[in-house]
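Notes to accompany the following structure.
The values are calculated or read from the model by the stated rules, or taken from the named source; none is laboratory data. The structure presented is a predicted model; accordingly, all values stated were derived computationally and were not measured. We place every Cβ from the backbone using ideal geometry, glycine too, and count neighbours over all the protein chains shown. Note: areas computed on protein heavy atoms with side chains; ligands, DNA, RNA excluded. Shrake-Rupley method; radii C 1.70, N 1.55, O 1.52, S 1.80 Å.
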Amino acid sequence: MLIKVFFQYLQKTVTLGLFLGALGLVFVSITASAKPFNLGPGKCMECHKSEYGVWEKTKHATSYKKVHKSKAAKAIVKAVGGKRMKKTELCMSCHYTQTLKKAGAKPKLAAGISCESCHGPSSEWITIHNNYGKGKTVKTEDAAHKAERIKSATAAGMIWPSALYDIAANCNSCHGFSKQVLTSENISAMMDAKHPINPDFEIVAYSQGTVRHRFYPPNVTENQKMSITDMSRMFVIGQAATLVSATENIAKSDHAVYKAAQEKRIATATAVLKSVQSLAPEVGAFLVTPTTENGRAFAAAIVGKDLSSAVSGLLPSKFK
Ligand code: HEC
Ligand code: HEC
Ligand code: HEC
Ligand code: HEC
């Protein structure tokens, strides 16, 4: 009898063990499949009509219906061994937005470069980023809750607009050619087929023209201009992100055009960053070791600083 009970007990624990084990597997597979994915700009439009209205007129949006039809595009696709730009993963990684209905579903081409290309795939942060807390509104949310909200959304893959270093590094992943998918081989093929690369991409010049959408804090209906102080800081942080991107890229390829572009980016960024040394001595350590981590630390160190006396002369005059 005692033995029987013991066996029953053993069986139960084994079953329980297997059950917990299976649960563990399920849990692991849930976390593994929680890789963030895009929901598409239509989802963002439900709440961000003003930003959407700006975006749909930009080249990022309009290019969707055009770029693949050009002769240039066809030559470049062919050079990398593809047939159609809209079906070639390499091209899609920079030119298009692929969405999923839910985790594991088949990807669908939804737009050109869109909201989530710049703010991060939103499947894991969409319900976090706008959650002020139970019964709270934008006006009554306390500061600690807001800080936690930004932190959680960021951990879930959101690139918050105030995280300027990460915003700029993300523009550079496409405009500076830092994407992971790039190899020495496909870079050479693209450059030989005359894919454009512009070493003069600079975040202020490129974000404060057609791309500018600055309607927050909520209820501001006008697309606001950026102040010279804010633009100066964005300019300097952009150069820091460029220096990191170009320094990492230089080892990726020996192609003359690509290498020359990366060298030019390094030279320009270094000169700008040296010019702020007296106002922001923290730049010294960054220049010695230009890594992502140090770039973020430098960006954090200059929050609230006015660097305009050093760099405002370099800002695009049409935005001043
Ligand atoms: C259900 C409504 C809703 C949807 C859908 C939504 N948002 Fe938001 N979003 C908000 C609200 C409300 C805020 C303001 C939060 C705050 O006060 O900081 C916000 C804030 C933001 C911010 C930060 C603004 C700031 O304070 O700097 C960004 C960026 C953003 N949303 C992007 C997106 C993108 C991209 C999408 C689509 C993938 C999206 N949102 C979808 C409601 C929404
Ligand atoms: C690393 C990101 C990246 C990848 C990968 C990429 N492109 Fe581009 N492409 C860009 C950027 C950025 C521009 C805009 C360059 C500029 O004008 O500054 C561009 C511009 C172009 C243009 C010129 C568009 C115009 O309006 O004149 C064509 C054509 C093009 N790409 C085709 C392709 C094709 C085809 C592929 C796939 C083989 C591809 N691209 C892959 C980033 C990329
Ligand atoms: C996912 C890749 C990607 C990201 C991220 C990205 N871009 Fe682009 N951008 C492109 C491509 C590709 C083009 C060229 C489209 C074409 O010509 O068909 C482009 C074109 C542009 C243009 C139009 C240039 C012209 O010649 O008219 C501007 C402005 C621009 N980007 C600004 C930015 C800024 C600012 C950021 C970051 C805040 C950014 N982009 C982030 C891929 C990207
Ligand atoms: C080319 C990259 C890029 C694209 C595409 C883009 N954003 Fe942004 N977004 C930015 C940058 C950079 C900032 C912050 C810069 C600033 O303060 O001007 C920003 C700021 C914001 C903000 C806070 C400022 C505001 O207007 O309220 C919201 C909200 C936002 N974006 C939502 C969106 C939505 C929704 C879309 C798509 C319809 C979108 N963004 C497309 C780069 C982008």
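Amide H contacts under 5 Å for ARG214: GLN224, restricted to partners 5 or more places along the chain or on a different chain, H placed in the peptide plane at 1.01 Å from N. The phi torsions of the range 167-174, fed into the Karplus equation with coefficients 6.51, -1.76 and 1.60 and a -60° offset, translate into couplings of 4, 5, 4, 5, 4, 5, 4, 8 Hz, rounded to whole numbers, with Gly and Pro shown as x. Annotation: extensible slack from THR229 through THR183 equals 12.7 nm (criterion: 0.36 nm per residue apart, minus Cα-Cα distance).
Note on the chain: dipole from Cβ charges, positive end direction compared against SER253, LEU164, TYR64; the farthest Cα belongs to TYR64. On the principal axes of its alpha carbon atoms, the range 35-122 extends 40, 32, 16 Å, with the longest extent given first. Between ASP200 and LEU287, the modelled labels are 2.4 nm apart [label points 7 Å from Cα along Cα→Cβ]. Take the chain with all the other protein chains still there, run a 1.4 Å probe, and you get 59 Å² of accessible area per residue.
Of the GluC sites (Glu not before Pro) found in the range 161-247, the ones in coil according to DSSP and having at most 15 other Cβ atoms within 10 Å of their Cβ are GLU222.
The local environment of ASN249, defined by Cβ-Cβ distances under 14 Å, has a net charge of +2 under the rule Lys, Arg +1 and Asp, Glu -1. Of all the options LYS134, LYS57, LYS86, the one that moves most in a Gaussian network model of the chain with Cα springs shorter than 10 angstrom is LYS134.
Let's see if you can work this out: charge +1 on each Lys and Arg Cβ, -1 on each Asp and Glu Cβ, no other charges. What is the dipole magnitude of the chain about its Cα centre, in debye to the nearest 20?
1340
Largest GNM mean-square fluctuation among ASN131, ASN38, ASN249, using the chain with Cα springs under 10 Å: ASN131. Rounded to the nearest Hz, the phi-derived 3J(HN,Hα) couplings of the range 128-144 under the Karplus curve 6.51 cos²θ - 1.76 cosθ + 1.60 (θ = phi - 60°) are 8, 5, 10, 8, 6, x, 4, x, 9, 10, 4, 7, 9, 4, 7, 4, 5, where x marks glycine and proline.
Taking a Cβ cut-off of under 14 Å around THR289, the surrounding Lys, Arg, Asp and Glu residues balance to a net charge of -2, with basic ones at +1 and acidic ones at -1. For the chain, what % of the accessible area comes from carbon and sulfur atoms, probe 1.4 Å? Here carbon and sulfur together make up 62 percent of the probe-accessible area. Around the amide H of GLY120, modelled in the peptide plane, lie the amide H atoms of ILE159, all under 5 Å away and 5 or more residues distant in sequence or on another chain. The alpha carbon radius of gyration of the chain, expressed as a multiple of 2.2 N^0.38 Å, is 1.21.
What residue among GLU293, GLU46, GLU248 has the largest mean-square fluctuation in a Gaussian network model of the chain, using Cα springs under 10 Å? The residue that fluctuates most here is GLU46. Taking a straight line from the alpha carbon of LYS78, these lysines sit under 21 Å away, with near neighbours fewer than eight places off in the same chain left out: LYS65, LYS66, LYS69, LYS86, LYS87, LYS179, LYS194. Taking 0.36 nm per residue of sequence separation and removing the Cα-Cα distance, the LYS136/LYS49 pair yields an extension gain of 29.1 nm. Shape class for the range 181-262: prolate, because the ratio a/c of the largest to smallest gyration tensor axis (alpha-carbon atoms, square roots of eigenvalues) is 1.5 or more and a/b beats b/c.
Once you list every other residue whose beta carbon is under 14 Å from the beta carbon of ASP200, what net charge do they have if Lys and Arg are +1 and Asp and Glu are -1? Before the final figure, lay out each step's value.
Numbers: positive: LYS264, ARG265; negative: GLU202, GLU263.
Net of charged neighbours comes to 0.
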